[in-house]
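The values are calculated or read from the model by the stated rules, or taken from the named source; none is laboratory data. Values in this document were obtained by computation on a predicted structure and should not be read as measured data. Don't worry about glycine lacking a Cβ; one is built from the backbone with ideal geometry, like all the others, and counts go over all protein chains shown. The protein model used for the area step is the full one, side chains on, heavy atoms only, and it has no ligands, DNA or RNA in it. Shrake-Rupley method; radii C 1.70, N 1.55, O 1.52, S 1.80 Å.
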Amino acid sequence: MDNKTAITPEEGKKQSVKTRKNLTKDIAYTGLAAAVICVLAPLSIPIGTIPVSLATLAVFFVSATLGWKKGTIAVAVYILLGLTGLPVFASFKGGAGVIAGPTGGYVLGYVPCAFLTGLLVDLFGKHKFVYPFAMISGLAACYLFGTVWYSISQQVAFIAALSVCVVPFLIFDAVKIVAASALSIIIRGIVFKK
């Protein structure tokens, strides 16, 4: 056995303790991120069929701050909590009926939104301008998923669905992207401080 690659039992214990600490920290961050989404997402202003909510702000923030894996898991936990009936979706709604309804595709679209946002920030986040572009990419995935869902469920043309489900929200989402980018850059620097 090569002495350079051999690990003593004491070193093995230290690595095991470090791994458990990291796992515990990851679980705590992910749970906290899911809680942040659950608190912010129900806050909304009705402006038609689809309300303006803080859900996308929360999804942008947690995925850009914690990365694609923890951010996507946090979003999945949020959706699962909503499916159980907890009132964590827009306008304090919950249950499978929200997902099965015309706007359910947007809620499910938070998963690819978190994945893309977190992945792009993980890969290129040392450049601060990447944050808003990552969020725009994630939002585009969410818009696509949600608009196709809405179009099929309401039996309307895709372009008509865009005019109802996307166009009225562009300004609100731009403001959310600016806010989430600024917050994420600061908090990610704190969370991942070496």
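For the reader, a short list of remarks on this structure follows.
- Residue match in the stretch 149-156 (condition: open to solvent by less than 60 Å² (accessible area, probe 1.4 Å), among the β-branched types (Val, Ile, Thr) and touching a Gly at 6+ places or on another chain (Cβ under 9 Å)): no
- Criterion violated by residue 189 - all others in (1) at pLDDT below 95; (2) open to solvent by less than 80 Å² (accessible area, probe 1.4 Å); (3) not in a helix (DSSP H, G or I) satisfied: (3)
- The listed residues are 95, 85, 71, 67, and the only one of them that is buried (at least 24 other Cβ atoms within 10 Å of the Cβ), of a type outside the set (Val, Ile, Thr) and more than 17 Å from residue 143 (Cβ to Cβ) turns out to be 71.
- Within the stretch 14-50, the set of residues being of a type outside the set (Val, Ile, Thr), open to solvent by less than 30 Å² (accessible area, probe 1.4 Å) and part of a loop (DSSP other than H, G, I, E, B) comprises 41, 42.
- Every condition in (1) in contact (Cβ under 8 Å) with a residue 60 or more places away in the chain; (2) out of contact with any helix residue (DSSP H, G or I) (no Cβ under 9 Å at 6 or more places or on another chain) is met by residue 126 except one, and the failing one is (1).
- Check on residue 161, under 18 Å from the mean Cα position of the chain (by Cα) and in a helix (DSSP H, G or I): no
Here's the yes/no breakdown for (1) under 20 Å from residue 32 (Cα atoms); (2) among the aliphatic types (A, V, I, L, M); (3) modelled with pLDDT of 95 or more:
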position	(1), (2), (3)
78	yes, no, yes
81	yes, yes, yes
98	no, yes, yes
106	no, no, yes
113	yes, no, yes
121	yes, yes, yes
151	no, no, yes
178	no, yes, yes
